[in-house]
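Okay, so here's the structure we're looking at.
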Amino acid sequence: MSPPLLKLGAVLSTVAMISNWMSQTLPSLVGLNTTRLSTSDTLVSSCDVPKEGWQVYSSAQDPDGRCICTVVAPEQNLCSRDAKSRQLRQLLEKVQNMSQSIEVLNLRTQRDFQYVLKMETQMKGLKAKFRQIEDDRKTLMTKHFQELKEKMDELLPLIPVLEQYKTDAKLITQFKEEIRNLSTVLTGIQEEIGAYDYEELHQRVLSLETRLRDCMKKLTCGKLMKITGPITVKISGTRFGAWMTDPLASEKNNRVWYMDSYTNNKIVREYKSIADFVSGAESRTYNLPFKWAGTNHVVYNGSLYFNKYQSNIIIKYSFDTGRVLAQRSLEYAGFHNVYPYTWGGFSDIDLMADEIGLWAVYATNQNAGNIVISQLNQDTLEVLKSWSTGYPKRSAGESFMICGTLYVTNSHLTGAKVYYSYSTKTSTYEYTDIPFHNQYFHISMLDYNARDRALYAWNNGHQVLFNVTLFHVIKTEDDT
């Protein structure tokens, strides 16, 4: 691989790292970080020695392990008992925590931004060289010309990605500047109590927190770039089955549902948490009114959606009432191993959910056995809209939806990878090459959970989780 392509791979890896890092670090920016700094902390260089009356409080390093700064704090003073001073100290702690996290993020961003600029220059130079060669291609061998053209074709689609990355870097710089300004105002307040209205400052901090939360929400959707893992949660059941959590449940609701086998069963086991699931402490058992077909069920907003055995009927079953709330035939959908995944198991109809809503993936004779994607009304099970793809259902190992895009694997066995994707937003497809580790050699269930940002899988009697890395595009107000 040529040096420009190696550097380009480094840039994409860095972008993915930034995306994951932001999803882990941003909560600390909105007050969830438990690190506490004194309101009168002062940053000095690592070479400075604290003056008399000051003590070293903490230190920070950049991603390469180099010391950035040392935090020193004054000794406790008599004003600490004043209620208003204490409120201001707490407020400044929160802002300084934000500032420290943004500073580390900025260091990473600036470092990677240099790679982007360098890469952009190389790409432009390659483009100019290609034009020159094209003008005089008659003097070159056809083989050399074609190789150069293929390299250029690989680089061209990444120019918009680099442009967007520069935009995101500017947004991070803007956040950093706002936090620095607010921190300066609060420091001045601490020096001169009463010169500024506390409530006004408090509202400014809350406003900044709200904006950061909005930024986090914009990170919920993205394009799949990488799958890592798996993490083995439990070993249980037969070779085939399904286990899941509710992506719309509250943060405190971590119930797990377990459905062993792909046929001849009606028993759903419920556990209050992952820990209870691992230990085998059942909280409740449900006896469904119908047997299910396949392993492609989904729990969504408190209800179980499954394919009724030997039919193309979808059932919506409420866990709260223990009743069937709706059932509807999926028109023209093949069933009972007419159009299953590669492993069989009556997996003709796959029900799934993502950030957008509820979906059904299946195949029909009218679409020549190729995959059809339908968005469903979660209450009535009515088909809202359908998309016909050109990918044969019988050639797919499994599939899952992320942000309105269907990702299809090419096998259920060792060596499987995400090979094809179809965007319902643009009604376009592309062939992909995203490998993942099929640790136990046979996958009979693979579903995305938007709340956990993870893939739940049943891997040959092992219940496992895969982490996903998404490429996020942060939309600014100008983009709306």
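Descriptive notes on the structure:
- Residues within the reach of a label modelled at SER395 (point 7 angstrom out along Cα to beta-carbon, backbone nitrogen below 17 Å), restricted to the stretch 414-449, are 416-423, 429-434.
- Peptides 440-446, 352-358, 251-257 ranked from most to least packed, by the mean per-residue count of other Cβ atoms within 10 Å: 440-446, 352-358, 251-257.
- Label-point separation, LEU117 to SER318 (7 Å along Cα→Cβ), nm: 6.1
- Using the average count of surrounding beta-carbon atoms within 10 Å as a protection proxy, the listed peptides 236-242, 117-123 rank, highest first, as 236-242, 117-123.
- Peptides 392-398, 377-383, 362-368 ordered by average Cβ neighbours within 10 Å, highest first: 392-398, 362-368, 377-383
- Taking the stretch 365-480 and dividing mean pair separation by its residue count, relative contact order in percent (alpha carbons under 8 Å, at least six apart): 14
- Remark on the stretch 236-305: Rg and Dmax equal 11.7, 34 Å (Cα only).
- Residue pairs, from the table LYS234/LYS417; LYS266/LYS417; LYS118/LYS417; LYS127/LYS393, whose Cα atoms sit over 30 Å apart: LYS266/LYS417; LYS118/LYS417; LYS127/LYS393
- Considering only ASN307, PRO289, LEU376, and ranking their Cα positions along the charge dipole of the stretch 274-386 that arises from unit charges at the beta-carbon of Lys, Arg, Asp and Glu, the one farthest toward the positive end is PRO289.
- Measuring nothing but alpha carbons in the stretch 371-431 and taking Rh as the Kirkwood radius, the Rg to Rh ratio lands at 1.00.
- In a fully extended conformation the segment linking SER207 and SER388 would gain 60.7 nm over its present Cα-Cα distance, using 0.36 nm per residue.
- Normalised contact order of the stretch 229-278, rounded percent, pairs of Cα under 8 Å and 6 or more residues apart: 33
Bear in mind these aren't lab numbers, they're just calculated from the coordinates by the rules spelled out. From a predicted model like this one, the values you see are computed outputs, not experimental measurements. Every residue, glycine as well, gets a Cβ built from its backbone with ideal geometry; the counts of neighbours run over all protein chains shown.
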